[in-house]
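Contents: one structure, followed by commentary.
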Amino acid sequence: MSEWLVLTLAMAAACAVVLSIAFFNHRRITEDDDPNETPDVIEYMTMMIGVIYAIVLGLAIAGVWEGRGAAQEYVRQESQALHEISVRSEVYPAEVRKRIRADVDAYVTYVVDTEWDHMSRKNELTDRSAELLEKIRRDVTDYEPQTDHEGQAYQPLVDQVALVDDARNARGQSAGATMPGVVWFGLITGALVTVGLIFTLQIRRSFRELLLAGLFSALIAFLLFLIWDFDAPFGRGVAATAEPFLAQFPHLGLKS
């Protein structure tokens with residue numbers, strides 16, 4: 001069963017139960033009942049709906065912000081592991097060391113100059129970066145250490161390549177939007193309901209009331225935009241950056 005169908009049935013069932021109880025309760029009211037003695041629940045319900053929606057908005061903002069922070073951390077881990085490969089290859093012969101560092105530089109240059117833009121537009125990694133990473137892996141694993149010093153450096157270098165691969169895959173998984181469609185449905189519907197409830201409070205056309213209503217609506221719109229902007233960690237305004245690569249490989253002269 002589709003999650004949208006489940007959601008629709010659940011919402012319809014909840015509304016049906018509440019309206020049925022209200023209808024049958026109204027039929028039990030006698031003619032001498034005084035409605036003025038019953039507390040007005042409109043303001044209470046309006047307040048509670050606003051509080052619940054504020055909590056939902058806060059959780060959504062926290063979730064997408066955490067996703068953006070995680071995406072930036074994956075970039076930092078990837079760049080740090082590549083830097084370690086380049087530095088630790090110092091113990092290898094000049095020819096091997098030069099080949100490893102050249103392939104690391106080629107990978108970093110491609111990621112920053114080409115793949116970053118592709119990732120922000122397509123929300124996915126490229127096959128070319130995988131090929132460049134495989135060259136680094138072959139450079140490290142195919143060399144047979146000739147001395148004890150080289151042998152001690154071999155396994156840590158292999159581990160750093162694995163870290164690069166893991167961080168790259170995590171970066172690719174973080175490239176797309178993380179907020180499910182059903183959550184967006186709830187956020188937008190909640191915004192419409194929350195703003196619409198303003199009119200249940202008999203808002204007048206005074207400047208103060210209209211100003212507050214306008215500011216409240218603008219705040220809701222801003223928070224929804226903030227969630228949408230953070231929801232794509234690499235593709236929109238407040239996005240994760242390639243700054244860790246630039247900091248670890250300044251000799252490449254890359255620009256973010």
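The values are calculated or read from the model by the stated rules, or taken from the named source; none is laboratory data. These numbers come from a predicted model, not from an experiment. In this analysis, Cβ positions are derived from the backbone assuming ideal geometry, glycine residues included, and neighbour counts consider all displayed protein chains.
Observations
- Single residue of Ala175, Ala240 found to be buried (at least 18 other Cβ atoms within 10 Å of the Cβ), within 17 Å of the chain's Cα centre (by Cα), within 24 Å of Glu115 (Cβ to Cβ) and modelled with pLDDT of 80 or more: Ala175
- Output for region 145-172, where each listed residue is small (Gly, Ala, Ser) and crowded, with 20+ Cβ neighbours inside 10 Å: Ala167
- Tyr154 vs. criteria touching a Pro at 6+ places or on another chain (Cβ under 8 Å) and aromatic (Phe, Trp, Tyr): yes
- Test: residue in region 123-130 that is charged (D, E, K, R), surrounded by 14 or more Cβ atoms within 10 Å (Cβ to Cβ) and either assigned to a helix (DSSP H, G or I) or in contact (Cβ under 8 Å) with a residue 24 or more places away in the chain (or both): yes
- Which numbered condition Glu144 fails, given (1) part of a helix (DSSP H, G or I); (2) modelled with pLDDT of 85 or more; (3) charged (D, E, K, R): (1)
- Some residue of region 84-100 being within 14 Å of Arg168 (Cα to Cα) and of a type in the set (A, V, I, L, M): no
- The condition of being part of a helix (DSSP H, G or I), at pLDDT 85 or above, out of contact with any Lys or Arg (no Cβ under 7 Å at 6 or more places or on another chain) and charged (D, E, K, R) holds for only one of Glu90, Glu84, that being Glu84.
- Residue list for region 111-130, restricted to those being touching a Lys or Arg at 6+ places or on another chain (Cβ under 9 Å) and among the hydrophobic types (A, V, I, L, M, F, W, C): Val111, Val112, Met119, Leu125, Ala130
- Test result for His149, in a helix (DSSP H, G or I) and more than 29 Å from Gly172 (Cβ to Cβ): yes
- For region 131-158, the set of residues classified as closer than 26 Å to Gly253 by Cα and touching a Lys or Arg at 6+ places or on another chain (Cβ under 8 Å) consists of Leu133, Asp139, Leu157, listed by residue number.
- Pairs meeting the criteria (first residue in region 231-247 and more than 15 Å from Gly67 (Cβ to Cβ) and part of a loop (DSSP other than H, G, I, E, B), second residue aromatic (Phe, Trp, Tyr) and at pLDDT 80 or above, beta carbons under 7 Å, at least 6 apart or on different chains) are Ala242/Trp116.
- Residue match in region 205-212 (condition: part of a helix (DSSP H, G or I), among the basic types (Lys, Arg) and over 24 Å from Val64 (Cβ atoms)): yes
- For the condition free of Cβ contacts under 8 Å to residues at least 12 places away in the same chain, out of contact with any Cys (no Cβ under 7 Å at 6 or more places or on another chain) and of a type outside the set (Phe, Trp, Tyr), Asp113 does not qualify.
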